[in-house]
Structure formats: structure tokens, C-alpha cells
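Shown next, in C-alpha cells, is the structure this report addresses.
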Amino acid sequence: MSTNEATRGAVDKAAPAAKGLDRALNALGTLMIVLSAVTPASSVFIIVPGVIALAGTGSFLSFVIAAVIGLFMAFVYAELSSAYPMAGGEYTMIGRTLGRFWGFVTLVLVFVSIVLIVAVIALGVGTYLGVLIPNLSPQWVGVVTIALAGAVAAMRIKLNAFVTGIFLGIEMLALLILTGLGFAHVERPLSSLFTSPQLLDATTNSLVPASAGIILASTAVSLFAYNGYGAAAYFGEETQDAKRNIGKVVLWALVITVAAELIPLTAVLLGSPDLAGLLAAPQKIEYFLEARGGHALTVLISLAIAVAIFNAVIAIILQAARLLFSSGRDRTWFGPINAAVASVHGSYASPWIATIVVSVLAAAACFIDINLLLVVSGTSLVVIYALLCVGVFAGRRNGTTAGGHYRMPLFPVPAILAFVALVYVAYQNLLDAAFGRPSLIATLLIMVVAAVYYVLVLARRTDWNLHGPDELAG
């Protein structure tokens, strides 16, 4: 294979095209699934408290900075996904712009992250069902959640869009109630979040200023909370007029996500009756709800969040299954494995075996310590984003994205700014010995394992390439 072919991730036109994936979604249906994968309510109730614990009221600025980076990244995603709206997502986009090696490294990084993310959020279901049924085992509740979600995900994509749309409406209503409670009882000015962010000193149990370093270090987690808008590309082979619509779905998903997470966070920080009490509370959002809405409302919202988490598990399993399906279609693994994960159900037109594999792996991950899950999946997103930024430059330079229907405004400024911001976030994580540094090391180890497999297996094979459906293969 020539260097030019490797760089462009050339398509093997003799390879079998994707069979059976129905192009049954309109842009709205795809948006419903993507927003469900982002799951703003789950982010607000599960990830936001972690950022508040790290940065206090500085979490507001962390989410603002992450939103700006997210906008730049949405431009990158929109341009690349409009050129390659395919089931491989970032794997396909990076593989076709930067070459097969970086494509495979991305495949492994993304797949490991997605499987662990499914486990992390599924473990949260037991917490919120616990308001009705105490002493539930988080691990087994997570396993049951994943099994049920996997069964739904194996059905037709149009049915999944309908189901996730209904559940999405429930979680958005929960966020509206949370926001209303906060802004109805404002205790401090909005300017305090900009001029004097504070966090709780664990040793003195008092409020102290939140440093810029802490705020920036927690931005990596805030990015994780917004992440998912780029999932639109995974459903490109099932979206009508995908090359025109996927970029729009990406941008709308980012805008809606930022609003659905940043506004409720602001309401909680401004409307909490006791800031120190909020920062000290082990369950921060529940503390706020109890204080402002009472126990009955807390129970009701908790059940809505359990629904939101279940919805997110469905959507993310859909995404991961299509990634695995794409890797099997590309003959990334070995004969029987490739044939299995690339197979499509005759009635449901879904990658059903890939869906089962993802569900089993995620269920098994529920028994791994959650702190380890977070460490392993934590900063891989920063690396993936950085590769996408480089990929959009390469795509413009070598012409591999010329067929796309979206071009980011002010190119290359958004991509450069996003890349610089990502490098700085990675640097701040390197300085954070408690979480950031171990997470970076874990990400690098995953990349090394992927590189070894590529060198020892894929680089020596001639039957591995980046394939796609016929209409995108040129």
C-alpha cells in the first residue's frame, strides 16, 4: 500500500458494503438519540457534583470554558462528520484523514472509553432508585440496566429514536424543575461566579478561593459532561441525506447540551441556601432539592434521573455497537469475530451481535472499582479531541474531506484554539497527581497496546482497510 493511500485511509471498493442498516432516521430522530447519549440530566446529577467537589463555585467557569472548547470541537466534528457520516465515528474520520495507524489507535481509545462510560452511568441507576428501594446493589442494578438497554438497542433504529425521545422529554422536564427552584431562590449574585469562585477547604471546613489551576484542571471533566454531540456521525448510515444533515445535528446537539447543563448548574450555585453545606454534601444536587423542593419532589426527580440514565445507556450502547460493527466490517480483528460483529439482524436491521458484545463487556465493567473506571476513561477524550483537530487540518490539506457539505467558519482558528486549549488541559491534568496524571498514564497505556497490535497484526495484513456503504465509498 502506498503512503498516499495509507494517509488517506483509502476505501477498498471491492470490500462488502454495510448491509441492512436502514436509512430510516430524519435529522430530528438522530438528534434525539444523540442528546440521549449526551444525557444532560445524568451529567447534571452525576458528573456536575464531581466538578463542584473539585472546583466549588469555580465549576461554573469550568463549564463555561468547556462550552467554548466544545463549540470549537463541534465545528471540527461537523466538518469531519459531514465528509464521513459513517458508523465508525471518530475512528473513520481520523483513519481517513490521518491514516490507518491513528485510526486504529482512535478505535481502541473510543471503544474502551465508551464501554467504561456505559458502566459508570449504569452504576448510577441504583443510587436514584434507592429513594424507593433502599440497599440496592449498584453493580447488579447496573447489570440489569445494561441488559434491558441492550435488548432495546438491538431493535430497529427508528424504534430507538422514538423510545429515547420520550425518555429525553422526561429528563429535560426534571432539569427545568431544578432550574426553576434555583432561580426562584437566588441567594448570591451571578457576578460572584466570575469574580470570586470559592471551594471548600476540607481541613478547615471553610470556603477559600478556587484557583485558576483547579478550575482549568476540572475543565477536562466538564468536557466529559458535554461530550456526546459528535455521536451523530455513528448514525450517519441510518440518517437520511446524512452528508447535509449530520453537521447540523452536531451543532444543535452541542447548543442544547450546553444550555441544558450550564443553566441548571448556575441555578444550583446561585440558589443554594447554604453554599458551604452544598459543597460539603456527599449528594450535592439531592441536598439542593431537599432544601428547596422537599423530600417528595426529590424522590420524583430521582426517579426521572434513573429514567435518564437508562435512556443514556440505550443511546451509548447504540453508538458503541455501531463502532464495533464498523471495525468488524473493516476486518480489524480475526475472521469469525469480524463476521460476527459485522452481521446485521434480518428483521431489525441492527448490528445485534455487536450490541450483545458491548452490553456484556459493559456489564462486566460494573464490577470494576468506579474510581478506576473514571481514571481509565478520564482523559482519553482530550486525546481523541486533539486527534480530530489535527485530522481536520489534514483533511483540508490532502483533500480527504473535500466531499463534505459543511465547512467550519473562520478556519483554521477554531481548530487551533481548541487544540491549544486541549494541550493546556492535558498539562493541568499532568500536574494533578491525584486524578489527572494517573488518567493520562492510563490513556497512554491504552494507546501503546493499540500501537503494538497494529504493528504486529494489522500492518502486516493486506485485507484490513476502511470500508463503508457504497454511496460513501468514493
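The values are calculated or read from the model by the stated rules, or taken from the named source; none is laboratory data. All values reported here derive from a predicted model rather than from experimental measurement. Virtual Cβ from ideal backbone geometry, glycine too; neighbours counted across all protein chains shown. Note: areas computed on protein heavy atoms with side chains; ligands, DNA, RNA excluded. Shrake-Rupley method; radii C 1.70, N 1.55, O 1.52, S 1.80 Å.
Where the centre of each part is set by its Cα atoms, how far does the stretch 161-211 sit from the stretch 248-296, in angstrom?
3 Å
May I ask you to order 260-271, 302-313 by the average number of other C-beta atoms within 10 Å around their residues, highest value first?
302-313, 260-271
Please name whichever of THR195, ALA339, LEU28 sits farthest to the positive end of the charge dipole of the chain, dipole taken about the Cα centre and charges placed at Cβ: Lys and Arg +1, Asp and Glu -1.
ALA339
When the Karplus curve 6.51 cos²θ - 1.76 cosθ + 1.60 is applied with θ = phi - 60°, which whole-Hz ³J(HN,Hα) does each residue of the stretch 139-145 get, with x for Gly and Pro?
5, 6, 5, x, 4, 5, 4
Determine, for each peptide in 33-39, 148-154, 170-176, the mean count of other beta carbons within 10 angstrom over its residues, then list the peptides with the highest first.
33-39, 148-154, 170-176
Considering only protein heavy atoms, what per residue accessible area in square angstrom results for the chain with a 1.4 angstrom probe?
Computed with neighbouring chains in place, this is 37 Å² per residue.
Estimate the FRET efficiency between VAL68 and PHE334 by the formula 1/(1 + (r/R0)^6), using the beta-carbon distance for r and 45 Å for R0, to the nearest 0.05.
0.55
For the charge dipole of the stretch 325-474, defined by +1 on Lys and Arg C-beta atoms and -1 on Asp and Glu C-beta atoms about the Cα centroid, which residue among PHE367, VAL382, ALA415 has the Cα displaced farthest towards the positive pole?
ALA415
How much length is gained if the chain between PHE411 and ILE133 is pulled fully straight, taking 0.36 nm per residue apart and subtracting their Cα-Cα distance, in nm to one decimal?
Fully extending the segment from PHE411 to ILE133 adds 94.8 nm.
Using each residue's phi in the stretch 153-164, evaluate 6.51 cos²θ - 1.76 cosθ + 1.60 at θ = phi - 60° and report the 3J(HN,Hα) Karplus result to the nearest Hz, with x for Gly and Pro.
Once rounded to whole Hz, the list reads 5, 7, 7, 4, 5, 5, 5, 5, 5, 5, 5, 5.
With charges set only on the Cβ (+1 for Lys and Arg, -1 for Asp and Glu), what does the dipole of the chain come to about its Cα centre, in debye to the nearest 20?
1060 debye
D for the stretch 38-152, whole µm²/s, Stokes-Einstein with Kirkwood Rh over alpha-carbon pairs at 4 °C and 1.567 mPa s: what number?
In µm²/s, the coefficient rounds to 77.
Determine the order of ILE121, ILE166 by accessible area, beginning with the largest, at a probe radius of 1.4 Å.
Per-residue accessible area, sorted high to low, gives ILE166, ILE121.
In terms of the Cα gyration tensor, with a ≥ b ≥ c the square roots of its eigenvalues, is the stretch 344-467 rounded because a/c is under 1.5, prolate because a/b exceeds b/c, or oblate?
oblate
Once the cut-off is 30 Å, how many percent of the Cα-Cα pairs in the chain end up in the long-distance tail?
Of the Cα pairs, 42 percent sit more than 30 Å apart.
With a 1.4 Å probe and every protein chain kept in, tell me what percent of the accessible surface of the stretch 55-98 is carbon plus sulfur.
The C+S portion of the solvent-accessible surface of the stretch 55-98 is 85 percent.
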